[in-house]
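Structure first, commentary second.
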Amino acid sequence: MDTQAYIDEALRTIKKDLHAMMNGVASAAMRDAGLTQDYRVNYGVELPRLEALAGELRVEHADMLAPLAQQLWQQPVRECRFLALQLQPAEDFSSDLAEVWLEQIRTVELAQVASLYLFSRTPWAAEKAFQWMASEREVPQLCGYYTLMHVIRLHPLAPRALQEAADQAQAALADANPQVQLAARRLLDRLA
């Protein structure tokens, strides 16, 4: 079986699994709250269940994780995007590809998940986080603050970098966007 046929079959199986895990109440609540307008399908599957599925997929598709993650990311399905972020090997994820994926992030939830599972685990995480924090746009700022928050948890940063992070977060507290304020506040809490 060629690579694309293998990936296509894996996608069909994953979507069947997601459908079987569907949480109709959560899906309806997200739809009613306007949180799913960027997805064609939202199964309402909770993050812990997606983590468990991602663990199984890492074993089943160990040799094809990057191509599978790339294809999952292209699906207009909330849970497929979340799985892509968990399956994509961080060491194989370039900062250029991160910029492409970042442009496709439209929700706070997806920004948080991307920062937690993928962006913060890359070799370039801290550098990009500072660039994103300085952006004028909401999603890059959110990804910057949340990524740096997780980077600090995973790796020590130099005192100068920590001070720069604190200064940028303090400045963001005056931002008109409440989501950016919240992300900055969470980073400051992590730094404290």
(request) Report whether or not Val41 is at negative phi, touching an Asp or Glu at 6+ places or on another chain (Cβ under 9 Å), β-branched (Val, Ile, Thr) and not assigned by TED's automatic domain parsing to the domain that holds Arg137. (result) yes
(request) Collect the residues in the range 102-151 that are in contact (Cβ under 8 Å) with a residue 60 or more places away in the chain and either acidic (Asp, Glu) or in contact with a Gly (Cβ under 9 Å, 6 or more places away or on another chain) (or both), keeping them in residue-number order. (result) Glu109
(message) Tell me whether the range 61-81 contains one or more residues that are surrounded by 15 or more Cβ atoms within 10 Å (Cβ to Cβ), on the phi < 0 side of the Ramachandran plot, under 12 Å from the mean Cα position of the chain (by Cα) and of a type in the set (Lys, Arg).
(response) yes
(request) Among the residues of the range 90-127, write down those that are among the charged types (D, E, K, R) and part of a loop (DSSP other than H, G, I, E, B). (result) Arg106
(request) Filter the range 128-144 down to residues that are in a loop (DSSP other than H, G, I, E, B) and either surrounded by 15 or more Cβ atoms within 10 Å (Cβ to Cβ) or polar (S, T, N, Q) (or both), then give me how many there are. (result) 1
(request) Please go through the range 27-55 and pick out each residue that is over 18 Å from Pro76 (Cβ atoms), over 19 Å from the mean Cα position of the chain (by Cα) and assigned to a helix (DSSP H, G or I). (result) Ala28, Ala29, Asp32
(message) Yes or no: the range 147-162 includes at least one residue that is within 22 Å of Arg137 (Cβ to Cβ), outside any helix (DSSP H, G or I) and either of a type in the set (A, V, I, L, M) or within 19 Å of the chain's Cα centre (by Cα) (or both).
(response) no
(request) With the checklist (1) out of contact with any Pro (no Cβ under 6 Å at 6 or more places or on another chain); (2) over 16 Å from Phe82 (Cβ atoms) in hand, flag the one item Val45 doesn't pass. (result) (2)
(request) Note down all Cβ pairs under 8 Å where the first residue falls in the range 167-192 and is touching a residue at least 60 places away in the same chain (Cβ under 8 Å) and more than 16 Å from His150 (Cβ to Cβ), the second is acidic (Asp, Glu) and assigned to a helix (DSSP H, G or I), and they're at least six residues apart or on different chains. (result) Gln179/Glu138
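The values are calculated or read from the model by the stated rules, or taken from the named source; none is laboratory data. Just so it is clear, the structure is predicted and the values come from calculations on it, not from any experiment. Every residue, glycine as well, gets a Cβ built from its backbone with ideal geometry; the counts of neighbours run over all protein chains shown.
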